[in-house]
1. Hey, any idea what % of region 323-386's accessible area is carbon plus sulfur with a 1.4 Å probe?
2. Find which of Val497, Ile146, Val292 sits farthest along the positive direction of the dipole of the chain, computed with +1 on the beta-carbon of Lys and Arg, -1 on that of Asp and Glu, about the Cα centre.
3. Taking the Cα atoms of the chain, what is the range of coordinates along each of the three principal axes, in descending order and whole Å?
4. Run through every distinct alpha carbon pair of region 135-196 and return the Kirkwood hydrodynamic radius in angstroms, one decimal place.
5. Whole Å is fine, so just give me how far the alpha carbon centre of region 206-228 lies from that of region 155-196.
6. Applying 1/(1 + (r/R0)^6) with R0 = 22 Å to the Cβ-Cβ distance of Val94 and Met217, what FRET efficiency is obtained, to the nearest 0.05?
7. Under 30 Å between alpha carbons: how many lysine pairs meet that in the chain, if sequence neighbours fewer than 8 apart on the same chain are excluded?
8. Using the Kirkwood radius over C-alpha pairs as Rh, can you work out the diffusion coefficient of region 309-371 via Stokes-Einstein at 37 °C, viscosity 0.692 mPa s, in µm² per second?
Amino acid sequence: MSPSPSGPAEPTPTGAREASGVVHDQGGAPIATGASATRGIVETAGIEIIGESERTARPRDLFWPWFAANVSVFGMSYGSYLLGFGISLWQATVVGIIGIVISFALCGLIAIAGKRGSTPTMILSRAAFGVQGQKVPGVISWLTSIGWETVLAITAVLATSTVFRALGWGTGTAITLLATLFIAALIVIASVLGYHTIMKVQSVLTWATGLMTVLFMVLTAGKINWDQIGSTPDGSAQQMLGALVMVLTGFGLGWINIAADWTRYQKRSTPDRTIVAWNTFGASIAPVVLVVFGLLLAESNADLATAIGDDPIGALITILPLWALVPFWIVAVLTQVSGAILGIYSSGLTLLSLGIRIPRPAAAAIDGVILTAGTIWVVFFAGTFIGPFQSFLITLGVPMAAWAGILIADILTRRTVYDEAALFTSAGRYRAVDWTAIATMVIASVIGWGLVANGFAAEASWNNWQGYLLGIVGGREGAWAGANLGVLVALVLSFVVSVIARRARIRRQEHGLAALPR
């Protein structure tokens, strides 16, 4: 849904001037105004500050992109993944709900920065890491976004092949390749058009995918074997923790590096708690329902649980009546496309934050090419899907968790507005590099990687170097080896260290700046 005015437009900052077609405020910060933010239907605003008159979004508008991106039946596949940790149904339910809500609440905390600073997440992160130092987490963030987009595109392509095969419409290299190119084109076109188009598309997809998901649950409820429910024995605390970490990384932590991108059109006077609440509610409500339903299906059917590992959406679609395959396949694919659109859009912004001087639509297009190539490689040349997927989540999840801990600490500690101009110059109050933040992220990541084990050594042998600190908690064969403690350690450690070590520096950075509105 397009942002709607919630009051009279705020004036453009005094002292604004035109330079090379871009408005700058009196401090030199680039400002995107109505004239420069959009040309026709294409959003041209990149990493510059969104102008006061453009910040017309309402907090409830956040519901649409977050719900649409997370309502996919892919969420049901987590029922199988959770039970795969050897825990019982009730344990998996508790872990799923807690992990989903907490992880998206963390996204909500990051989203506060977008409302305060009206620029993309990775530009706002410069206040914590320095204008040049931010490139370290920026590269990791870009890789994370590219990886997530590609995963979503892959699941859409695999689902397409499965449905075509089930309907007898043919399979093979040519059809799969066409499906890949078509899905990639949908993702790239929407992301190139930009924020306002994406918000409109997501509002439509929210209703369509929500209704179709309800229909899926009605049509497949008969597949639940209630006599089988509750038959799986309880697992250990370590197994529950491992499952929790997977949920954290698979849901909220997978989005946390782009959370502020969707609040930069919000008014700065919007209460922080409102931003967090709508972000968490919009993102969590669908996954909670889907994961619980997926748990019931997986507990009822061991063959289905196994099939999900290779083709999550395709396996779930095949339990539908034949007449429902086509409409549900279309919506299922669109939900994956929906999530990938958010990723491509934000990965393009991240690319610009690294110093690449190209228009935002071009950055999105470049990432689209990478997504297409990655999808083709996995679909045609890679083996099983779930192993590399989970290994990927954990590996990049560790440094992203460390970065998130640092930025959340930074956001919660600050009591003044951002110095916009200083976000774009190494000579400003945020300096070129904040070595405390960089060192904290590096050390937390090194410790974190040492406390995660690659549970998919055969499918993802490139990750077998991890787990070098597991001897502290019983070794690679110990009870804690599969708990992936490193993600939580990186998140908590970086947060605590930043709260303590960076508080004085933040107070110095805030000198002379206006207090945040209450």
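The values are calculated or read from the model by the stated rules, or taken from the named source; none is laboratory data. Bear in mind that the values here come from a model prediction, so they are computed numbers and not experimental data. We place every Cβ from the backbone using ideal geometry, glycine too, and count neighbours over all the protein chains shown. For accessibility, only protein heavy atoms count, side chains too; no ligands or nucleic acids. Shrake-Rupley method; radii C 1.70, N 1.55, O 1.52, S 1.80 Å.
1. About 78 percent, which is the carbon plus sulfur part of the accessible surface.
2. Val497
3. 69, 54, 39
4. One over the average 1/r among Cα pairs gives 13.3 Å for region 135-196.
5. Answer, in whole Å: 23.
6. 0.60
7. Count of close lysine pairs: 5.
8. Using the Kirkwood radius from Cα pairs, D works out to 239 µm²/s.
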